Amino acid sequence: MSADPIPINRLARPSAGPETTKTAATIMLGLVIRDLRIDAGLSQAQLAKKILVSTPTVSRLETGDGTSQRRTVEAAAKALKADADTYDLLTVLAARAEEPEWFQHRFNDITPSYLKRLLGLESMAISLTAYDVRLVSGLLQIPEYAACLIRTGLHHSEWEDGKLELRLAQRVERQERVLGQAEPPMSIFLMDESVLRRRVGPDEVMRPQMAHLRELADLPHVVIRFVLLDALIAGNEASMAGSMAQLQFGRGGLPDLVYSEGYGKADYFSKSVRTRDPQEQAKSSSQKNRDYERHLQLLLRIQGEACASPEQSRRMLEQAIKHFS
């Protein structure tokens, strides 16, 4: 059985298209600058000296850590002798990077800081693999199920101040932005078998949630599989901690990413990108690739060694519907 049935040769979404997110534009901008600098044979310190900024400023620009000022981007493009097409691309990316992310207008105050990078990138993925240990994946939750979860996480004083409705609206919009696209990502959702029995709300909530999952399982771009309780899985703490996701962005796009969430925090792992110094490249690539591959292999092992087949998972959902009927 293949652990990764999703084709990875699909082209990335347009890097400067109308649907490009602020987060994606910021990262792509940095990658373009990094490539130009390496092709020019310059170190970060040398480029910083040419454009009269600090070396950490260039480093942050290349890694997409924060929003760089447009004049810095323009100065770097000129110093690195970007051609007309590349200069136009950088201009578009810089403009998009200055705009707010989709959740910042209404939902910024209720969005955990560790989640913002994921929310800014997942709609750009061409394939997505998610693993959830205890609950239905957030992208698959119906409003009633989500409302029960959100309500139990709020203090009683917050029930009447609109936070419940706001968090619910954010979850619905997130689902629409990812799975409601004209070309949604090919998605595999892995959930622990206990999700089928863990009661989040009354039968009137659980039954339609299970029915919703059963309907989604028939969509051509969605695969739902359950991690069997009696299956042996990797004894890694990440496999039991919370949720994980792998985002693939396609050829010519952002570096593939693995997201690992714990209690109140999350870690992001991506493939390394090239640097000018071979020793620096070897050191950076070795550590980053080890971290990325370790988490990716865990996801693949769970999928390949511990999951019910998609067909069996559909039957399990049908049994869950009957259980809550």
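The values are calculated or read from the model by the stated rules, or taken from the named source; none is laboratory data. Fair warning: this is a prediction, and the values are worked out from it, not measured in the lab. Note that each Cβ is placed from the backbone with ideal geometry, even for glycine, and that neighbours are counted across all protein chains shown. The area values use the complete protein model at the heavy-atom level, side chains included, leaving out ligands, DNA and RNA. Shrake-Rupley method; radii C 1.70, N 1.55, O 1.52, S 1.80 Å.
Points to keep in mind about this one:
- The condition of being under 30 Å from LEU300 (Cβ atoms), at pLDDT 95 or above and polar (S, T, N, Q) does not hold for SER194.
- Within the stretch 179-190, restricting attention to residues that are over 16 Å from ARG134 (Cβ atoms) and either among the aliphatic types (A, V, I, L, M) or part of a helix (DSSP H, G or I) (or both), the residue that is most open to solvent (accessible area, probe 1.4 Å) is ALA182.
- Scope the stretch 237-255; condition modelled with pLDDT of 70 or more and either acidic (Asp, Glu) or assigned to a strand (DSSP E or B) (or both); matching residues: SER243, MET244, ALA245, GLN246, LEU247, GLN248, ARG251
Table: residues versus (1) modelled with pLDDT under 95; (2) surrounded by fewer than 16 Cβ atoms within 10 Å (Cβ to Cβ); (3) among the β-branched types (Val, Ile, Thr).
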residue	(1), (2), (3)
MET206	no, no, no
GLN209	no, no, no
ASP218	no, yes, no
GLY235	yes, yes, no
LEU257	yes, no, no
TYR263	yes, yes, no
ASP277	yes, yes, no
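- Complete set of residues in the stretch 191-215 that are among the charged types (D, E, K, R), in contact (Cβ under 8 Å) with a residue 12 or more places away in the chain and part of a helix (DSSP H, G or I): GLU193, ASP203, GLU204, ARG207, ARG214
Here is a yes/no grid of residues against (1) open to solvent by 70 Å² or more (accessible area, probe 1.4 Å); (2) touching a residue at least 12 places away in the same chain (Cβ under 8 Å); (3) of a type outside the set (Gly, Ala, Ser):
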| site | (1), (2), (3) |
| --- | --- |
| ALA95 | no, yes, no |
| GLU99 | yes, yes, yes |
| HIS105 | yes, no, yes |
| LEU119 | no, yes, yes |
| GLU122 | no, yes, yes |
| ALA147 | no, yes, no |
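- Against the list (1) of a type outside the set (Phe, Trp, Tyr); (2) outside any loop (DSSP other than H, G, I, E, B); (3) open to solvent by 10 Å² or more (accessible area, probe 1.4 Å), the condition LEU135 fails is (2).
Residues checked against (1) open to solvent by less than 30 Å² (accessible area, probe 1.4 Å); (2) among the hydrophobic types (A, V, I, L, M, F, W, C); (3) touching a Cys at 6+ places or on another chain (Cβ under 9 Å); (4) more than 30 Å from ARG174 (Cα to Cα):
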| position | (1), (2), (3), (4) |
| --- | --- |
| SER15 | no, no, no, no |
| PRO18 | no, no, no, no |
| THR23 | yes, no, no, no |
| GLN44 | no, no, no, yes |
| SER54 | no, no, no, yes |
| THR57 | no, no, no, yes |
| SER68 | no, no, no, no |
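- Filtered residue count, the stretch 307-325, keeping only those that are over 15 Å from MET191 (Cα atoms) and not hydroxyl-bearing (Ser, Thr, Tyr): 6
- Within the stretch 221-233, the set of residues being in a loop (DSSP other than H, G, I, E, B) and either among the β-branched types (Val, Ile, Thr) or modelled with pLDDT of 95 or more (or both) comprises HIS221, ILE233.
- Residue match in the stretch 8-16 (condition: over 20 Å from GLN246 (Cα atoms) and at pLDDT 90 or above): no
- Each residue in the stretch 65-87 was checked for being more than 16 Å from ARG34 (Cβ to Cβ) and β-branched (Val, Ile, Thr), and 1 pass.
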